[in-house]
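Q: One structure coming up, written as structure tokens, with questions to follow.
The values are calculated or read from the model by the stated rules, or taken from the named source; none is laboratory data. Worth saying up front: this structure is predicted, and the values here are computed from it rather than measured. Cβ placement follows ideal geometry from the backbone for every residue including glycine, while neighbour counts extend to all protein chains displayed.
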Amino acid sequence: MTSRGAAIRYARALFDTALAEGKDPVAIARELNAFAHVVSGNEGLTRALTNPAIPASRKRGVIEQLIAHAGPMDSSLVKLLLLLADRDRLALINEMAQAFDNRLMDHQNVIRAEVVTAVTLPDDRIAAVQEGLASTTGRQVQLVTRIDPSIIGGAVARIGSTVYDGSVVRQLERMRETLTASGDSR
């Protein structure tokens, strides 16, 4: 199984356990992301925890110390982090945190979207785009906006792997394709 597949499996198990035990998955996501951030934010720690030459028992000791310094953490998350240390799978922490976040968003009926425009949009236009995407998807939309002057005008929206390209550049490309195709048919 790929590391991504394993990370998804661990995240699903943690999420399902949290729901079954009536725990708050949002709080667990926050704790997991904070822990992943601590590990990924320290290059030496990341190297040590992912180094196959370091015994799993020493990695577990490091994880136990990090958990002790982190303050109160969800017991299921603690068990999972220790399990990852015992199985020498700590390299999965970041992917597992992302997979947990994705699972949480699905549970909350939320989807991420990115909208690229040539110029900064006013807040009311951003809200209108967000409402339109919510209407299209039937889900709440967590919107990220980005500026790219190369699209000239219009907007490009990306939701997962689906792209809605309403940019001026794309419209010009379509016109060129149409004109080229009609010129070839003579």
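Q: Given the condition over 14 Å from Phe35 (Cα atoms) and not hydroxyl-bearing (Ser, Thr, Tyr), answer yes or no: does some residue in segment 70-86 qualify?
A: Checked segment 70-86: at least one residue is over 14 Å from Phe35 (Cα atoms) and not hydroxyl-bearing (Ser, Thr, Tyr).
Q: Of the conditions (1) more than 16 Å from Arg89 (Cβ to Cβ); (2) exposed (fewer than 14 other Cβ atoms within 10 Å of the Cβ); (3) touching a helix residue (DSSP H, G or I) at 6+ places or on another chain (Cβ under 8 Å), Pro25 fails just one. Which one is it?
A: So the condition that Pro25 fails would be (2).
Q: When you check Ile63 against the structure, is it of a type in the set (Val, Ile, Thr), in a helix (DSSP H, G or I) and under 23 Å from Gly160 (Cα atoms), yes or no?
A: Working: of a type in the set (Val, Ile, Thr): yes; in a helix (DSSP H, G or I): yes; under 23 Å from Gly160 (Cα atoms): no.
Here the answer is no, as Ile63 does not meet what is asked.
Q: Sort through Ala97, Ala48 and tell me the only one that's in a helix (DSSP H, G or I), small (Gly, Ala, Ser) and closer than 21 Å to Glu21 by Cα. Don't jump to the end; show me each part of the working.
A: On the way: Ala48 fails: closer than 21 Å to Glu21 by Cα.
Among Ala97, Ala48, only Ala97 is in a helix (DSSP H, G or I), small (Gly, Ala, Ser) and closer than 21 Å to Glu21 by Cα.
Q: Here is a further query. Quick test for you: out of Gly5, Gly61, Gly44, pick the one residue that is small (Gly, Ala, Ser) and either within 15 Å of Leu80 (Cα to Cα) or touching a residue at least 60 places away in the same chain (Cβ under 8 Å) (or both). Can you show your working first?
A: Details: Gly5 fails: either within 15 Å of Leu80 (Cα to Cα) or touching a residue at least 60 places away in the same chain (Cβ under 8 Å) (or both); Gly44 fails: either within 15 Å of Leu80 (Cα to Cα) or touching a residue at least 60 places away in the same chain (Cβ under 8 Å) (or both).
Just one listed residue meets the conditions, Gly61.
Q: Any residue that is of a type in the set (S, T, N, Q) and farther than 26 Å from Gly160 by Cα - is there at least one of those in segment 27-45? It would help to see each step written out before you state the result.
A: Filtering segment 27-45 down to residues of a type in the set (S, T, N, Q) leaves 33, 40, 42.
From what's left, farther than 26 Å from Gly160 by Cα: 42.
Yes, because at least one residue in segment 27-45 is of a type in the set (S, T, N, Q) and farther than 26 Å from Gly160 by Cα.
Q: When only residues in segment 83-124 that are of a type in the set (A, V, I, L, M) and surrounded by fewer than 17 Cβ atoms within 10 Å (Cβ to Cβ) count, which is nearest to Leu143 (Cα to Cα)?
A: Filtering segment 83-124 down to residues of a type in the set (A, V, I, L, M) leaves 83-85, 90-93, 96-97, 99, 104-105, 110-111, 113, 115-116, 118-119, 121.
Those left that are additionally surrounded by fewer than 17 Cβ atoms within 10 Å (Cβ to Cβ): 83, 105, 110, 119, 121.
Values: Leu83: 35, Met105: 13, Val110: 10, Val119: 16, Leu121: 13 Å.
Checked segment 83-124; the qualifying residue nearest to Leu143 (Cα to Cα) is Val110.
Q: Which of the following residues is farther than 30 Å from Ile28 by Cα, of a type in the set (Gly, Ala, Ser) and either in contact with a Lys or Arg (Cβ under 8 Å, 6 or more places away or on another chain) or not assigned by TED's automatic domain parsing to the domain that holds Val39 (or both): Ala127, Ala99, Ala118?
A: Numbers: Ala127 fails: farther than 30 Å from Ile28 by Cα; Ala99 fails: farther than 30 Å from Ile28 by Cα.
Answer to the selection: Ala118.
Q: Restricting to segment 161-183, what's the tally of residues that are closer than 20 Å to Val129 by Cα and surrounded by 10 or more Cβ atoms within 10 Å (Cβ to Cβ)? Full working, then the answer.
A: Taking segment 161-183 as the starting set, the residues that turn out to be closer than 20 Å to Val129 by Cα are 161-171.
Okay, now just the ones that are also surrounded by 10 or more Cβ atoms within 10 Å (Cβ to Cβ), so 162-171.
Residues flagged as closer than 20 Å to Val129 by Cα and surrounded by 10 or more Cβ atoms within 10 Å (Cβ to Cβ) within segment 161-183 amount to 10.
Q: Which pairs turn up if I take residues in segment 116-139 that are within 14 Å of Gly153 (Cα to Cα) and look for partners that are charged (D, E, K, R) with beta carbon separation below 6 Å, at least 6 apart in sequence or on another chain?
A: Val116/Arg146; Val116/Asp148
Q: Taking the stated definitions as given, is Asp124 at pLDDT 95 or above and either over 30 Å from Gly41 (Cβ atoms) or of a type in the set (S, T, N, Q) (or both)? Let's see the steps before the verdict.
A: On the way: at pLDDT 95 or above: yes; either over 30 Å from Gly41 (Cβ atoms) or of a type in the set (S, T, N, Q) (or both): yes.
Criteria met by Asp124.
Q: Of all residues in segment 103-129 being under 27 Å from Leu14 (Cα atoms) and assigned to a strand (DSSP E or B), which is nearest to the chain's Cα centre (by Cα)?
A: Narrowing segment 103-129 to residues under 27 Å from Leu14 (Cα atoms): 103-113.
From what's left, assigned to a strand (DSSP E or B): 110-113.
Working: Val110: 12, Ile111: 10, Arg112: 9, Ala113: 11 Å.
So the residue we want is Arg112.
Q: Let me ask something else about it. Among the residues of segment 130-154, count how many are surrounded by 15 or more Cβ atoms within 10 Å (Cβ to Cβ), in contact with a helix residue (DSSP H, G or I) (Cβ under 6 Å, 6 or more places away or on another chain) and not in a strand (DSSP E or B).
A: Going through segment 130-154 one residue at a time, the tally reaches 2.
Q: Here is a follow-up. With the checklist (1) loosely packed, with under 14 Cβ neighbours inside 10 Å; (2) free of Cβ contacts under 8 Å to residues at least 24 places away in the same chain in hand, flag the one item Val78 doesn't pass.
A: Among (1) loosely packed, with under 14 Cβ neighbours inside 10 Å; (2) free of Cβ contacts under 8 Å to residues at least 24 places away in the same chain, Val78 violates only (1).
Q: Still on this model: Restricting the search to segment 159-186, which residues are assigned to a strand (DSSP E or B) and under 22 Å from Asp124 (Cβ atoms)? I'd like the intermediate steps shown before the answer.
A: Let us first name the residues in segment 159-186 that are assigned to a strand (DSSP E or B), namely 159, 162-165.
Residues satisfying the conditions are Ile159, Tyr164.
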